[in-house]
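What follows is one structure encoded as structure tokens, with my remarks underneath.
The values are calculated or read from the model by the stated rules, or taken from the named source; none is laboratory data. If you're wondering where the values come from, they're calculated on a predicted model, not measured in any experiment. Every residue, glycine as well, gets a Cβ built from its backbone with ideal geometry; the counts of neighbours run over all protein chains shown.
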Amino acid sequence: MITDLRSDTFTKPSPAMMEAMMHAATGDDVWGEDPSVNQLEAIMAAHFGMEAALYCPSGTMSNQIAIKVHTQPGDELICGEHAHVYIYEGGGIASNSGVQVKPIESDRGLLAAADIINAINPDDVHKARTSIVSLENTSNRGGGCCYEFEQLEQIREVCDRHDLALHLDGARLFNALVATGQQPKAYGRLFDSISVCLNKGMGCPMGSVLMGSANYIKQARRVRKRLGGGLRQAGYMAACGLYAMEHNISRLADDHTNAKRIARALLKRDFTGHMLPVDTNIIIFDVQGDWTPVTFTDHLRQHGVLAHVVSATQVRMVTHLDVTTEMTDRVCDIIAAMGL
Ligand SMILES: *Cc1c(COP(=O)(O)O)cnc(C)c1O
């Protein structure tokens, strides 16, 4: 039995989720006639207290649609230097929206309002028009860390003052909500658009949902079609999302507990260097001494545990619903038994 800690994208649908798919009511979603998609969009919008929602095949697509609708070609987008929208979406912001990025330094991917103010271009013909700020919560390259809500409120205020759209890449927003106890509707009030992934800790094989005002989502629906993301009987996939909304949110706390246990086992060992604080389900740490990230992950693989090398010095492990307590015990035992 393999314990796959490379990413929470490796989850497989559970038998109960498959059962929900088998019995999904479907129709043609491009025609707006898929009842399962319509229900998922309505449930998600209501959950976050936003007017409307759009089911998308991937989080990359929902982020890209979100940015396209908020911007004009030649605009500038502010985000963290390690933001997924910037470094992991294939140059999509430039290609899809004709928008340039001003990446800013941040504390583990969490932006400070003062740094955003400094990055906003003055109204000057030499400069690109700054039109949007994109935040990420939890922050993937920041080790799954979460924003304090006051931090977000300060950023909202800056965006209001400077007439900027505020987008949230909430690929792991449910992890942040479970870890902090913050309220989904408070997020709906604060952001102009929110993208959440169903294909990570929520355990779906695919899917993401973009939320915003009714008018915003109407425009987003056309961009989704243009990008080839209008799916026909998408209800078989949306059914997974409906199942996950009912069964897979509160259990994210177990993933966070398992991640903290593995982190503690690692921190007992001298080969573990600097580790980013483990707030949710992601562990990112330096490997030092006689081990390198490559030899370390090779050793784990020989014991049936997969981890991901994220840089020349760092390894990443991610817990999710296919990593049980027993698997976590085993991972801790393997780490405890490793040579110096
Ligand atoms: C995974 C992820 C996405 C979207 O990924 P898809 O695989 O396209 O669904 C977006 N942002 C962050 C921070 C992510 O981790």
Review point. Out of (1) out of contact with any helix residue (DSSP H, G or I) (no Cβ under 7 Å at 6 or more places or on another chain); (2) more than 27 Å from Q183 (Cα to Cα); (3) surrounded by 21 or more Cβ atoms within 10 Å (Cβ to Cβ), what's the single condition that is false for G98?
Key: (3)
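Pick out the one residue from M21, M1 that is at pLDDT below 95, more than 16 Å from the ligand (Cβ to nearest atom), not basic (K, R) and not in a strand (DSSP E or B). Don't jump to the end; show me each part of the working.
Numbers: M21 fails: at pLDDT below 95.
Going through M21, M1 in turn, the sole match is M1.
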Review point. Could you list, in sequence order, the residues of the range 288-339 that are in contact with a Lys or Arg (Cβ under 8 Å, 6 or more places away or on another chain), assigned to a loop (DSSP other than H, G, I, E, B) and of a type in the set (A, V, I, L, M, F, W, C)?
Key: A307, V310, L321, M338
**Study point:** Sole exception among (1) under 19 Å from A66 (Cβ atoms); (2) within 15 Å of the ligand (Cβ to nearest atom); (3) part of a helix (DSSP H, G or I) for A244, by number
**Key:** (1)
Study note, to complete from the structure: When (1) over 24 Å from F149 (Cα atoms); (2) charged (D, E, K, R); (3) surrounded by fewer than 18 Cβ atoms within 10 Å (Cβ to Cβ) are applied to D75, the one that fails is (3)
Practice item. From M61, M44, M17, M1, grab the single residue that is under 26 Å from D255 (Cβ atoms) and in contact with a Phe, Trp or Tyr (Cβ under 8 Å, 6 or more places away or on another chain). Key: M17
Exercise for review: Please specify each residue of the range 148-175 satisfying the condition of being within 30 Å of V315 (Cβ to Cβ) and surrounded by fewer than 22 Cβ atoms within 10 Å (Cβ to Cβ).
Suggested key: E148, Q151
Review point. Of the residues that sit in the range 186-226 and are hydroxyl-bearing (S, T, Y) and crowded, with 17+ Cβ neighbours inside 10 Å, which one is nearest to the ligand (Cβ to nearest atom)?
Key: S208
Review point. Looking at E33, E89, which is the one that is out of contact with any Phe, Trp or Tyr (no Cβ under 6 Å at 6 or more places or on another chain), assigned to a loop (DSSP other than H, G, I, E, B), free of Cβ contacts under 8 Å to residues at least 60 places away in the same chain and surrounded by 20 or more Cβ atoms within 10 Å (Cβ to Cβ)?
Key: E89
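Across the range 106-151, what is the total count of residues that are of a type in the set (S, T, Y) and farther than 17 Å from I67 by Cβ? Step through it out loud before you land on a result.
We begin by selecting, within the range 106-151, every residue of a type in the set (S, T, Y); these are 106, 130-131, 134, 138-139, 147.
Subset that is farther than 17 Å from I67 by Cβ: 106, 138-139, 147.
Of the residues in the range 106-151, 4 are of a type in the set (S, T, Y) and farther than 17 Å from I67 by Cβ.
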Check your understanding: Taking the range 108-153 as the search range and keeping residues that are among the charged types (D, E, K, R) and within 16 Å of the ligand (Cβ to nearest atom), which one is farthest from H308 (Cα to Cα)?
Key -> E136
Check your understanding: What are the pairs, 6+ residues apart or on separate chains, where a residue within the range 109-125 that is under 23 Å from R141 (Cα atoms) has its Cβ under 7 Å from a residue that is among the aromatic types (F, W, Y) and surrounded by 10 or more Cβ atoms within 10 Å (Cβ to Cβ)?
Key -> L110/Y147
Exercise for review: Please work out which residue is nearest to the ligand (Cβ to nearest atom), limiting yourself to the range 35-92 and to residues that are acidic (D, E) and more than 17 Å from the chain's Cα centre (by Cα).
Suggested key: E41
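For (1) touching a residue at least 40 places away in the same chain (Cβ under 8 Å); (2) exposed (fewer than 13 other Cβ atoms within 10 Å of the Cβ), each residue gets a yes or a no:
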residue	(1), (2)
R269	yes, no
I282	yes, no
V287	no, no
D290	yes, yes
H299	no, no
G304	yes, no
Check your understanding: H256 fails exactly one of the following numbered conditions: (1) crowded, with 16+ Cβ neighbours inside 10 Å; (2) in a strand (DSSP E or B). What is the number of that condition?
Key -> (2)
